[in-house]
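Rule-based calculations on the coordinates, nothing more; no lab input. Since the model is a prediction, treat every value here as computed from it, not as a measurement. Positions of Cβ are generated from backbone atoms using ideal geometry, with glycine treated the same way; all protein chains shown enter the neighbour counts.
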Amino acid sequence: MKELVLGGLKVRLVGGSDGHGSGDGPVVMLLHGFGAPGDDLVPLSEVIDVPRGTRWLFPEAPLSLNMGFGDSRAWWIIDFARIQADREAGRIRDLSIEIPQGLSLARERMLTFLKELPRQLPINYEKTVIGGFSQGAMLTCDAVLHTDYPFSGLVQLSGNLLAKEVWVPFMPKRKGLSVFQSHGMQDDILPHIGAERLRDALNQSGLAVEWHSFRGGHEIPQAVLRGLSGFVTKRFGV
């Protein structure tokens, strides 16, 4: 694994021609979730089957959290006390009507990263699958909707429909984009209904969603990893 600063973000690279992200092969770019360390998703590169020479990029969120354990990071700050209160009260939170205060800044950072990345690393967005887990999934969905880069696929692992009034008007311009989406039916962090709302909005706008619902919580089970292997391989034309 190699660590670099690209486009203003710390990035971990694996795979490629040397195991450290070298070469000009296709790219899988995955963003971690809230409260996770920057290397949280790196192990996925070892368990997802992809074409030989595929490079993996794992950008690290710029915000450091003081959560009392390890290097916890975030793309924007969320109100965990509110999530806990909703959970204890049995309330299902509808994120689709919310626009997080830090979303616009996170978007700006991500769009800058995507703009600068090709100047620093050989990358073809037509051969790039972008996505993430939880907050990382939602940020990549937001970024894809706010750009016209020709990504070959979007991955949404345990994400939700967020900022509906912002996102939905942009969705039709991404008509035809292939999306891999998974969510646990017992997820108590981001509700399953929020993932269904995202799926339905994307489908209604003409995106091609491959939907994986599973019995489980806020996680990435083996069945999802197998499905994601097939999705990525197909996106890269193998």
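Structure notes:
- For the range 107-126 and the range 178-202, distance of Cα centres in Å: 27 Å
- Restricting the range 156-238 to trypsin sites (Lys or Arg not before Pro) that sit in a DSSP loop and have at most 11 other Cβ atoms within 10 Å of their own Cβ leaves Lys175, Arg215.
- Degrees separating the helix 80-89 axis from the principal Cα axis of the chain, which is the longest one: 50 degrees
- Cβ-placed point charges (K, R +1; D, E -1), dipole of the chain about Cα centre in debye, nearest 20: 520 debye
- Positive-end extreme of charge dipole, the chain - chosen from Ser182, Gly38, Gly53 (charges on Cβ): Gly53
- Beta bridges from DSSP with both residues in the range 2-235: antiparallel share about 35 percent, rounded to the nearest 5.
- The translational diffusion coefficient of the chain, from Stokes-Einstein at 10 °C and 1.306 mPa s with a Kirkwood hydrodynamic radius over alpha carbon pairs, comes to 89 µm²/s.
- Calculated from backbone phi, Karplus (6.51, -1.76, 1.60) coupling profile of the range 213-218 in Hz, x at Gly/Pro: 9, 9, 7, x, x, 8
- Annotation: amide H-H contacts under 5 Å for Asp188 (H modelled 1.01 Å from N, sequence separation of 5 or more, or interchain): His218.
- For Ala208, distant residues with modelled amide H under 5 Å away: Gly176, Leu177, Ser178, Val179
- The value of relative contact order for the chain, using C-alpha pairs under 8 Å at least six residues apart, is 19 percent.
- Candidates per trypsin sites (Lys or Arg not before Pro) in the range 1-87, loop by DSSP, up to 15 other Cβ within 10 Å: Arg52
- Cβ-based charge dipole, the chain, positive-most Cα from His218, Phe113, Gly25: Gly25
- Per-residue 3J(HN,Hα) values for the range 18-28, derived from phi via the Karplus relation 6.51 cos²θ - 1.76 cosθ + 1.60 with θ = phi - 60°, read 10, x, 10, x, 7, x, 10, x, x, 10, 10 Hz in sequence order (x marks Gly and Pro).
- Length released on extending from Ser64 to Asp18, taking residue separation times 0.36 nm less the Cα-Cα span: 13.5 nm
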